[in-house]
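The values are calculated or read from the model by the stated rules, or taken from the named source; none is laboratory data. Note that the structure is a prediction, hence the values are computed from the model and not measured. Backbone-built Cβ (ideal geometry, glycine too); neighbour counts: all protein chains shown.
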Amino acid sequence: MTLWRFELLKIGLMQLGYSLNQATQAANDGVATVLAVRNQVDVPPETHRVLALLAQRVPLVAITNGNVDADKIGLSGYFSHLLQAGRDGAAKPAPDMFVRAAQLIGVPCENILHVGDHLHTDVSGALLNGYQAAGLTILTVVCIVSRAPVGYPILRYHRWRHYWMWSLNSE
């Protein structure tokens with residue numbers, strides 16, 4: 001994904017009149033800046049606490065379409081494996097990283113819970129690849145998802161206290 005963004009930026013700069021060398025240098029500088037800012041993340045203490053508890057009980061695998069550096073934000077130690085789109089396969093919701101994650105930990109897909117923050121790439125992607133799924137966003141939105149049979153599941157929203165919850169099923 002980062003390479004794609006680099007190429008897009010370089011081509012755009014050349015269309016604006018930059019030479020190939022100027023566009024390449026500016027695109028490199030731009031991507032370096034984006035990556036530096038992208039990794040300026042303050043992970044809440046509660047996130048560390050929950051991941052530490054989970055990592056003691058089950059193998060955790062991170063699969064991402066993004067380019068955040070888990071080492072730089074202090075999360076890599078909780079995961080037995082980190083898979084990144086491009087480097088480790090096609091981006092979610094494609095099966096590549098879902099299949100690879102199951103292989104790496106030796107657990108059947110149907111016994112894995114995938115937690116993510118994107119309804120299509122994470123939740124639907126996990127369900128369509130045989131996983132159980134739950135979604136959680138930064139805005140404390142909670143998603144409870146049931147396994148879907150073949151095809152795209154139907155989305156249902158439920159309001160419960162101050163949380164939004166949704167479930168996917170085939171009805």
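Couple of notes before you dig in:
- Test: residue in the stretch 99-117 that is within 19 Å of Leu35 (Cα to Cα), assigned to a helix (DSSP H, G or I) and modelled with pLDDT under 95: no
- Check on Asp29, within 19 Å of Leu3 (Cα to Cα) and of a type in the set (Asp, Glu): yes
- Of all residues in the stretch 17-43, those satisfying the criterion of being of a type outside the set (Gly, Ala, Ser) and outside any helix (DSSP H, G or I) are Tyr18, Asn39, Gln40, Val41, Asp42, Val43.
- Among the residues of the stretch 93-136, those identified as under 18 Å from Leu82 (Cα atoms) and among the hydroxyl-bearing types (Ser, Thr, Tyr) are Thr121, Tyr131.
- Residue, farthest from Leu54 (Cα to Cα), within the stretch 98-109, restricted to residues that are among the aliphatic types (A, V, I, L, M) and surrounded by fewer than 16 Cβ atoms within 10 Å (Cβ to Cβ): Val99
- The stretch 20-57 - residue that is surrounded by 10 or more Cβ atoms within 10 Å (Cβ to Cβ) and polar (S, T, N, Q) and, of those, farthest from the chain's Cα centre (by Cα): Gln22
- The one condition in (1) surrounded by 16 or more Cβ atoms within 10 Å (Cβ to Cβ); (2) at positive phi; (3) over 14 Å from the mean Cα position of the chain (by Cα) that Ile112 fails to fulfil: (2)
- Lone qualifier among Gly74, Gly30, Gly66 - being touching a helix residue (DSSP H, G or I) at 6+ places or on another chain (Cβ under 9 Å) and at positive phi: Gly74
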